[in-house]
Structures are given as C-alpha cells and as structure tokens.
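Engineer: Input: one structure, supplied below.
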Amino acid sequence: MTGIGQHRTCQEPVLDVERIRRDFPILQQDINGHPLVYLDNAASYQRPRQVIEAISHYYERDHANVHRGVHTLSHRATEAQERGREAARRLLNARSTREIIFTRGTTEAINLVAASLGQSLHPGDEILISHLEHHSNLVPWQLVCERTGARLVVVPIDERGELRLDEYHRLLGTRTRLVAMAHVSNALGTVNPVEEIIATARAHRVPVLIDGAQAIAHQAVDVQALACDFYAFSGHKMCGPTGIGILYGREEWLEKLPPYQGGGDMILSVSFSGTVYNDLPYRFEAGTPHVAGAVGLAAAIEYLEDLGLAGIERHETRLLAYATEAIAALPGVRIIGEARRKAGVLSFTIEGIHPHDLGTVLDHQGVAIRTGHHCAMPVMEHFGLAGTARASFAFYNTVAEIDRLVAGIGTAMRMLGA
Ligand code: PLP
C-alpha cells in the first residue's frame, strides 16, 4: 500500500483516496441497496486489510502469553506486543517506551490517571476541565472529586464552541492540581489551543492531561513539543482494533504515581509481607495484555505513517470545508460548532427534523452518520439542544460521498416535511 504520492504537486503530496479505499474491505459493500458512505469516523474508524491481516497472522502463527514464557511463541508474542509499544512511542514522539502504557482505550487511560493521581488529592484541590469534554474526560474526575472532596472547575466555551481562554487563565489557580482537556472536541470538531493550555499550566507547575481521542488520526502529535504530562488515545479511532489504547505519561510523573490495578505482570516480587512493583511501563499493566490489540495498533500506526499525517490533515480539512459550505446552504440548517480551528467533525441540526429521524432516513440511503448527544451532554446543553446530527470524516472519504450526504439530507427534508 502506498496511497500517497501518486499525484504530487510541487510541495503537497495528495492522497490517492481511490487507491486507499481499496485497502478497506468494509467500504466495498452496499447498505440498504446503496454503496456505503461511512461518515461516523469520530465514533470509530474502519480498518484497512493490513491491520486485519496483521491480527490474523498473529493468531495463526505467534500467539501465546507474553513476558512469562521461555518458549518461542511466548517470545514472539512478547516481541509483537513491544513492537506495538514502540510504534505508539514513535507516533507520539515520546522519549521512551517506559512512557507508553497500554490501556483499553482513552476512557481507561483517563481513569488510570484519575485513580492514581486522585490518591493525592485533598478537599479544596481543583481539577480544571472544559465545557466541551467527552463524558470520558468528565465523569472520572467527578468520581475522584466525590471520593476526595476535590472540586471540578469547568472552563466555559463561547457561542462558536471555542474554549474561553480568558476564563482558562482566570480559573487556573493555586488550587489547581491537574488540567484535563480534549485536543479536539468530538461533538463540535473544535481544535483546542493545547499549546497555550499546556504552556500556561506548566508556568503554574500544574500537570496537563490531553484527551487525544479525536486528534490522533487527524494530525501529527508530538508530546515532547507539546510538553504535556499525559496524552490518551484509542486504537479504534485511528484504524486500529477496539479494546486497546495508549496512555502516554511523562516518566517523572509515572515514577511518582501509585499503581492503578494489582495483578500479574505489574510486580517484581510478591509475598504476604509485601509486594515490590515492576518497573515502568509494566507497573501500570496488570494482567494478560491485549496482545492482538497491540499487533493491530502497530499495523494501524504503520499504515497512517505510510500515508503521512500531514496529507491526511490536508485532505480532511478540504472535506470539512466542502461539507460545511454545502450543508450550511440547505434551508433550516444550523451548524453547531463554528470554531476557527476545526477537525473532521460537522455537527448540525435541521429545523423541524429530529436528528434520529434524519439519521434513519440517511441509513436507508446507505449513509452512516451519528445522531444524539455524542457523549457530550454539557456541550448539547450549552447550545440548548438534546442532540445533533454529526458527520465525521476520515482520509478515505471523498467529495462524492459528501454529495451523497447532501442529497440524502435533501431526501429526508422532502420525506419529513421540513
Ligand atoms: N474522548 C473523546 C474526545 C472521544 O471522542 C471519545 C470517544 O468518542 C473518548 C474520549 C472515549 O474513547 P473510548 O470510548 O475509545 O475510550
């Protein structure tokens, strides 16, 4: 697979999307009698053949439990698992694989930090989040606050769906113990100014966790350049398997944090009088890991690296601009989230049509979008809505597919009488 470099201008490599699409078996099918148009990528990406085959190959030839065996298959499985870790390190440009923890996904990565770091919180301490967080970067902090007496402080957003930076600067104070914010909003597509968020927090010596679930497949992420303390993402939102994700943690922080779960692999020695915990990163990985997940994650990362994240970002930016213009021009449409920096997500409502009805009519035409609150109920509340329709784009989507979406919305308007 190359996918890139088939059409080159002087500076900008352009993705060969038709060729890329042939790597995705799932995209080659009809749904309800129409060729599938998959625009639910913010919820989960589809997987290329390369990822599916890497997982099959692992199960057909290399599977055993990791780290504990002396036999060949156990060595192979261990190597496969660690290749996944190294791929994630490369993707994030982390300094060391000691800083790369396997988790079940973004949600577990955030819960890990909440559980571990939460142990040192006291009444009156503050966790600073924003109004545009996914529930995964909100509820874990509420739970910690309930347990410890710490307080959740929420930075508001404005009418465009952008973070109120003035409020962020005001609310970040001497009681703040952690800033936890999304890189990209899943409900609005807003790209947060994470560089400024992190620099400001660091000036106050406050650690920062970035929820990168929606950023990781859309743009290059460099945790050293960002200088964040934690960065979380999910494999399934970047062409990898479900049930695997990554928590990047700056080594100084991981060394300080208490273990998350207890069990096998996270220990060096155990006796009834005491247990010695393992070194990083294994101290945070109790139990048999999702080795096939790590294999698939490595394959997905290699796939994205092969395409090039700069080309991916450019392609998706064009799709978003095209879709925004076309959909905003339809009667009764309200675009929800008009931040100046957006990635891959177009949320909207149509006067007189419930988002679920729109989603159902589109599905009958083979077009998959998501409708509802997108696990971001406070965002919906901010805009006075119960939910939106959301089209979200990946590098394998095309302008022709957006035309199908727009035509489908037209059909829904006629059918549903808007
Ligand atoms: N954070 C954001 C911004 C998301 O969009 C999502 C999923 O949609 C999550 C966290 C949770 O990811 P996962 O369910 O893969 O743990």
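Engineer: Please list, in order along segment 302-315, the HN-Hα scalar couplings obtained from phi with the Karplus expression 6.51 cos²θ - 1.76 cosθ + 1.60 (θ = phi - 60°), rounded to whole Hz, x for Gly and Pro.
Structural biologist: Karplus values, whole Hz, x for Gly and Pro: 4, 4, 5, 4, 5, 5, x, 5, 5, x, 4, 4, 5, 4.
Engineer: Can you put Tyr303, Tyr322, Tyr396 in order of Cβ neighbours within 10 angstrom, beginning with the fewest? Mind dumping the intermediate values first?
Structural biologist: On the way: Tyr303 22, Tyr322 16, Tyr396 25.
Going from sparsest to densest Cβ surroundings: Tyr322, Tyr303, Tyr396.
Engineer: Find out how many positive minus negative residues lie around Glu305, taking Lys and Arg as positive, Asp and Glu as negative, among other residues whose Cβ is under 15 Å from that of Glu305.
Structural biologist: On the way: positive: Arg83, Arg89, Arg90; negative: Asp23, Glu86, Asp222, Glu302, Asp306, Glu313.
In short, -3.
Engineer: Follow-up. Pull out the extension gain between His356 and Ser273, defined as 0.36 nm times the separation in residues minus the alpha carbon to alpha carbon distance; nm, one decimal. All intermediate terms of the calculation are to be shown ahead of the outcome.
Structural biologist: On the way: separation 83, 0.36 × 83 = 29.88 nm, distance 5.75 nm.
Gain on stretching His356 to Ser273: 24.1 nm.
Engineer: Quick one: net charge of Val367's neighbours, Cβ under 15 Å, K/R +1, D/E -1? Intermediate results must be reported in sequence, preceding the final value.
Structural biologist: On the way: positive: Arg370, Arg390, Arg404; negative: Asp30, Asp40, Asp357, Asp363, Glu401, Asp403.
My count for the surroundings of Val367 gives -3.
Engineer: Give me the one-decimal nm value for the distance between modelled label points at His122 and Arg414, 7 Å along each residue's Cα-to-Cβ direction.
Structural biologist: Placing both labels 7 Å beyond Cα along the Cβ direction yields 6.8 nm.
Engineer: Please figure out what share of the DSSP beta bridges in segment 52-305 is antiparallel and state it in percent, rounded to the nearest 5. Please list the in-between numbers first.
Structural biologist: Details: 15 of 30 bridges.
Once the DSSP bridges in segment 52-305 are tallied, antiparallel ones form about 50 percent.
Engineer: Per the Cauchy relation, a quarter of the hull surface: what is the mean projected area of the convex hull of the alpha carbons in segment 282-362, in nm²?
Structural biologist: Numbers: hull surface 37.2 nm².
It is 9.3 nm².
Engineer: Here's something else I'd like to know. So if R0 is 22 Å, what FRET efficiency would His75 and Lys256 give, r being the distance between their Cβ atoms, rounded to the nearest 0.05? Each step should come with its number before you reach the end.
Structural biologist: Values: r = 32 Å, r/R0 = 1.47.
Once the sixth-power term is evaluated, E becomes 0.10.
Engineer: Let me ask something else. Between Asn65 and Ile335, 0.36 nm times their residue separation minus their Cα-Cα distance comes to what? Present the calculation step by step, with values, prior to reporting the outcome.
Structural biologist: On the way: separation 270, 0.36 × 270 = 97.20 nm, distance 4.92 nm.
Length difference between fully extended and current span is 92.3 nm.
Engineer: Note the full-extension length gain between Gln29 and Ala321 as 0.36 nm times their separation in residues minus their Cα-Cα distance, in nm to one decimal. Spell out each step's value before the answer.
Structural biologist: Numbers: separation 292, 0.36 × 292 = 105.12 nm, distance 2.69 nm.
Taking 0.36 nm per residue and subtracting the Cα distance, the gain is 102.4 nm.
Engineer: When the helix-only estimate is applied to the chain (DSSP H runs of n ≥ 4, each -39,500 (n - 2.57), divided by the residue count), what is the mean residue ellipticity at 222 nm, nearest 500 deg cm²/dmol? Can you show the working numbers first?
Structural biologist: Working: 14 runs with 155 residues, N = 418.
Computed mean residue ellipticity for the chain: -11000 deg cm²/dmol.
Engineer: Now for a different question. How large is the dipole of the chain about the Cα centre if only Lys and Arg carry +1 and Asp and Glu carry -1, each at its Cβ, rounded to the nearest 20 debye? Before the final figure, lay out the partial values.
Structural biologist: Values: 39 positive and 47 negative charges, 58 e Å.
Roughly 280 debye, rounded to the nearest 20.
Engineer: Please sort 80-88, 327-335, 158-166 by packing, taking for each peptide the average over its residues of neighbouring beta carbons within 10 angstrom, highest first. Could you put the intermediate results ahead of the total?
Structural biologist: On the way: 80-88: 21.6, 327-335: 13.9, 158-166: 16.0.
Packing order, densest peptide first, comes out as 80-88, 158-166, 327-335.
Bear in mind that the values in this text are calculations on the coordinates, not laboratory data. These figures come from a predicted structure and were not determined experimentally. Cβ: placed from backbone, ideal geometry, glycine included. Neighbour counts: every protein chain shown.
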